[in-house]
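Novice: Below you will find the structure I want to go over with you.
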Amino acid sequence: MEIKIAQDLFENEAKLADANKERMKQRGLMAVNIMGTPGAGKTAIIKNTARLLKIPMSVIEGDPASSIDTDLLKTIGIPAYQINTEGICHLEAKMVAKALDEFEVPPRSILFIENVGNLICTASYPLGEALRIVVVGASEGDDKPFKYPDIFQTANAVILNKMDLQAAVDFNLERFYKGIQSLHNKLPVFEVSCKTGKGMESWVNWLAVQVATFWAR
């Protein structure tokens, strides 16, 4: 009986996510689910992407509490909407649906959905996104693909941030790639530093191609 309840829960989540996806598709919104641990640099990636990618974008921010990141994005001219999950460790499709009701997002634009900092629950809850991006900070260690395989298996790309700290934290790049390739050997990985800007251009160019492909469908 418990298994059936779990199945019903995830089936319902999938239906809600599909409804979000269709709703956003009709408006030409390409939603990008940004996932990663607290402090990986998810908001910094969005900020730097907005600076380089000349496509209108908005952000839905998910946090257990506060509006720190939302306020920061607004100060640099990026429209942002705050979702406080009040202790829930991930965003859910119904939360995104409510945000779409209340948050005016321009058509034919990118909608970044910055998920709650977590590498476990966020992997299991689709939101209706077109892309799932995992952000990992070099300062977090090179073992993340081995410890949290599910989130990497469902990702469309990985951003390895804070590469300016690689030597200082003894991040083993070979080990990290070995973990990634054991799960998804064609998964794009972008080595970047939001502090120096290094590597951001490759990520942004890849994203621009995904946007163009999405709008051409």
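Novice: Would you tally the residues in segment 90-110 being among the charged types (D, E, K, R) and in contact (Cβ under 8 Å) with a residue 40 or more places away in the chain?
Specialist: Looking only at that region, the number is 3.
Novice: Within the group Trp203, Trp215, which residue is of a type in the set (Phe, Trp, Tyr), touching a Phe, Trp or Tyr at 6+ places or on another chain (Cβ under 8 Å) and not in a strand (DSSP E or B)?
Specialist: Going through Trp203, Trp215 in turn, just one is of a type in the set (Phe, Trp, Tyr), touching a Phe, Trp or Tyr at 6+ places or on another chain (Cβ under 8 Å) and not in a strand (DSSP E or B): Trp203.
Novice: Moving on to the next point. Any residue at all in segment 94-112 that's within 25 Å of Cys194 (Cα to Cα) and within 11 Å of the chain's Cα centre (by Cα)?
Specialist: Yes - at least one qualifying residue is present in segment 94-112.
Novice: Looking at segment 177-217 only, could you name the residues that are of a type in the set (Phe, Trp, Tyr), in contact (Cβ under 8 Å) with a residue 40 or more places away in the chain and surrounded by 13 or more Cβ atoms within 10 Å (Cβ to Cβ)?
Specialist: Trp203, Trp206, Phe214
Novice: If you scan segment 28-67, which residues turn out to be farther than 15 Å from Val136 by Cβ, of a type in the set (Ser, Thr, Tyr) and in a loop (DSSP other than H, G, I, E, B)?
Specialist: The answer is Ser66, Ser67.
Novice: So if I check each of Met57, Met95, which one is within 18 Å of Ala212 (Cα to Cα), at pLDDT 95 or above and of a type outside the set (D, E, K, R)?
Specialist: Met57
Novice: Within segment 103-146, how many residues turn out to be in contact with a strand residue (DSSP E or B) (Cβ under 7 Å, 6 or more places away or on another chain), part of a helix (DSSP H, G or I) and charged (D, E, K, R)?
Specialist: So the count comes out to 1.
Novice: Same structure again: Against the conditions (1) assigned to a helix (DSSP H, G or I); (2) within 24 Å of Ser202 (Cβ to Cβ); (3) in contact (Cβ under 8 Å) with a residue 12 or more places away in the chain, where does Thr70 fall short? Just the number, please.
Specialist: (2)
Per-residue answers, yes or no, for (1) modelled with pLDDT of 95 or more; (2) farther than 14 Å from Lys42 by Cβ; (3) surrounded by fewer than 16 Cβ atoms within 10 Å (Cβ to Cβ); (4) within 12 Å of the chain's Cα centre (by Cα):
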site: Thr122; (1), (2), (3), (4): yes, no, no, yes
site: Leu127; (1), (2), (3), (4): yes, yes, no, yes
site: Arg132; (1), (2), (3), (4): yes, no, no, yes
site: Lys147; (1), (2), (3), (4): yes, yes, yes, no
site: Asp150; (1), (2), (3), (4): yes, yes, yes, no
site: Ala155; (1), (2), (3), (4): yes, no, no, yes
site: Leu160; (1), (2), (3), (4): yes, no, no, no
site: Gln166; (1), (2), (3), (4): yes, yes, no, no
site: Val169; (1), (2), (3), (4): yes, yes, yes, no
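Novice: If Gly197 meets every condition in (1) more than 22 Å from Leu91 (Cα to Cα); (2) in a helix (DSSP H, G or I) apart from one, which number is that one?
Specialist: Failed condition: (2).
Novice: Could you check how many residues of segment 86-96 are crowded, with 16+ Cβ neighbours inside 10 Å and either among the acidic types (Asp, Glu) or closer than 17 Å to Glu129 by Cβ (or both)?
Specialist: 6
The values are calculated or read from the model by the stated rules, or taken from the named source; none is laboratory data. Predicted model, so just to flag it, every value in this text is computed and none were measured. With ideal geometry, Cβ positions are generated from the backbone for all residues, glycine too; neighbour counts draw on all protein chains shown.
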